[in-house]
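A.B. asks: Okay, handing you the structure first.
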Amino acid sequence: MNSSSLSIPPPALSQPTILARTSTAEADFPAPSRADATDYRSLSRTELLLILGFWLLIAILTSVNSLIEPQGHGPWQPLVPFAAILVTLSNSMMWCAVTPVIIWFASRFAIERTRWPTRVMFVVIGLVLAIVIDLATGFVRQHLFYSPTPVSPEMAAMARLRRLWFMNEFIVFVAVLAAGFARNYFWRYQVRRDETVRLQAQAAQLQAQLADARLSALRMQLNPHFLFNTLHAVSALVERDPRGVRRMIARLSELLRTSLDEADEPEVPLQRELTFTERYLDVIRIRFQGQLDVDMHADDDVRDALVPNLILQPLVENAIKHGISKLSGGGYIEVTAAREGERVIISVRDNGPEVSLDQPSSPHSLGLRNTRARLAALYGPVQSLTLRHAPGGGLIAEVSLPYHTQSDLRTSAVAAQA
């Protein structure tokens, strides 16, 4: 018999996350913050110290340059030792004093949003400030550290303006203004990045809560479906085998108790799932009156692997409903679980009649659709559920999912907290 396979298409769920679990308490997220072009973060103490250190370094470098290559003092004679160094230091301290103001000014405007009148204002303010600092430096040079010249202060100032000596100061203003713009952009980038991280964390929590809600909804669908099918089997035997019915009701109560006790657990160890499935098959054996053989086998290294809660029961139920129940003779179900590398492979095989896998309506029971949806919600694209023909007749339903244990989850949680 030619074998073929059919992959059940996933339902329309949002992109899931492996083992999405959330607590009922909502996480506290900080209120959203916005950083627009006119926001300003005051200079910190560290930034103020950096500004002071920068201008002291500029003064030192300029002074060293003047000592290595002296240009002479012209008609002025120094009144104190190291007069050139003191003048340079005075000029640097003037710029150090106005640098925070320029940075504040740069924070009030976003250069990419300003129009030409604002940019003209930048130039005018820069020229005025450059002229003021240049004249102030000239005043300090001529009246504090060097002997006065026969030229009047007004004439000296006009000479400096005619020679455009203030352009050096204007270049310094442009550099400080650019640093202010860069600082403002960097701060806005940090605020937006923090906001993005906050929104991503909130979205991840909402997505996990949505996955939890969908898993709960799927479980609410599965339990009544399972109960209905089992009660249907009880009603079919109530007259011909009262003793068997009493045993079925006793087993059913155990199954329901186990199902309710584990209702909040999306995953359970495989060994617990095998035990639950074995009790379910005990009920089914009573229904088939000894005409059903069951073989369950799981490798020792996979029994502690975590699998979705109630993952086997819908597969077994599908094998009975669409396979064994249509046989005139005895039926056979084989449940196996093995580890292949970092994956867990679980298969349910029956010896029912051949069915066409080209028609998805026949094998797609509610249980299989439900199982596929739960797998997608828990593991995303790293899982699969396939149906294929078994050699010699019957079908094989095979589930493949990532191998992980409870200890792996604890290790991951500790690593995430660290």
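The values are calculated or read from the model by the stated rules, or taken from the named source; none is laboratory data. Just so you know, these numbers come straight off a predicted model, no measurement behind them. Neighbour counts are summed over all protein chains in view; Cβ atoms, including those assigned to glycine, are modelled from backbone coordinates with ideal geometry. For accessibility, only protein heavy atoms count, side chains too; no ligands or nucleic acids. Shrake-Rupley method; radii C 1.70, N 1.55, O 1.52, S 1.80 Å.
A.B. asks: Pick from G323, G290: which is in contact with a Gly (Cβ under 9 Å, 6 or more places away or on another chain), at pLDDT below 90 and on the phi < 0 side of the Ramachandran plot?
C.D. replies: Sole residue among the options that is in contact with a Gly (Cβ under 9 Å, 6 or more places away or on another chain), at pLDDT below 90 and on the phi < 0 side of the Ramachandran plot: G323.
Residues checked against (1) without any contact (Cβ under 8 Å) to a residue 12 or more places away in the chain; (2) open to solvent by 50 Å² or more (accessible area, probe 1.4 Å); (3) among the hydroxyl-bearing types (S, T, Y):
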{"position": "R272", "(1), (2), (3)": "yes, yes, no"}
{"position": "D304", "(1), (2), (3)": "no, yes, no"}
{"position": "N309", "(1), (2), (3)": "no, no, no"}
{"position": "G352", "(1), (2), (3)": "no, no, no"}
{"position": "R372", "(1), (2), (3)": "no, no, no"}
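A.B. asks: What's the total number of residues in segment 390-404 that are on the phi > 0 side of the Ramachandran plot and either crowded, with 20+ Cβ neighbours inside 10 Å or among the aliphatic types (A, V, I, L, M) (or both)?
C.D. replies: Number of matching residues: 1.
A.B. asks: Another question, if that's okay. With the checklist (1) of a type in the set (K, R); (2) open to solvent by 70 Å² or more (accessible area, probe 1.4 Å); (3) modelled with pLDDT under 75 in hand, flag the one item R247 doesn't pass.
C.D. replies: (3)
A.B. asks: Read through the list (1) open to solvent by 10 Å² or more (accessible area, probe 1.4 Å); (2) in contact with a strand residue (DSSP E or B) (Cβ under 8 Å, 6 or more places away or on another chain), then give the number of the only condition that G341 fails.
C.D. replies: All conditions are met except number (2).
A.B. asks: Would a scan of segment 76-92 turn up a residue that is at pLDDT 80 or above and loosely packed, with under 14 Cβ neighbours inside 10 Å?
C.D. replies: no
A.B. asks: Taking segment 252-282, which residues are among the aliphatic types (A, V, I, L, M), at pLDDT 80 or above and touching a helix residue (DSSP H, G or I) at 6+ places or on another chain (Cβ under 8 Å)?
C.D. replies: L270, L274, L281
A.B. asks: Of the conditions (1) modelled with pLDDT of 80 or more; (2) surrounded by fewer than 13 Cβ atoms within 10 Å (Cβ to Cβ), L52 satisfies every one except a single condition; which number is it?
C.D. replies: Of the numbered conditions (1) modelled with pLDDT of 80 or more; (2) surrounded by fewer than 13 Cβ atoms within 10 Å (Cβ to Cβ), the odd one out for L52 is (2).
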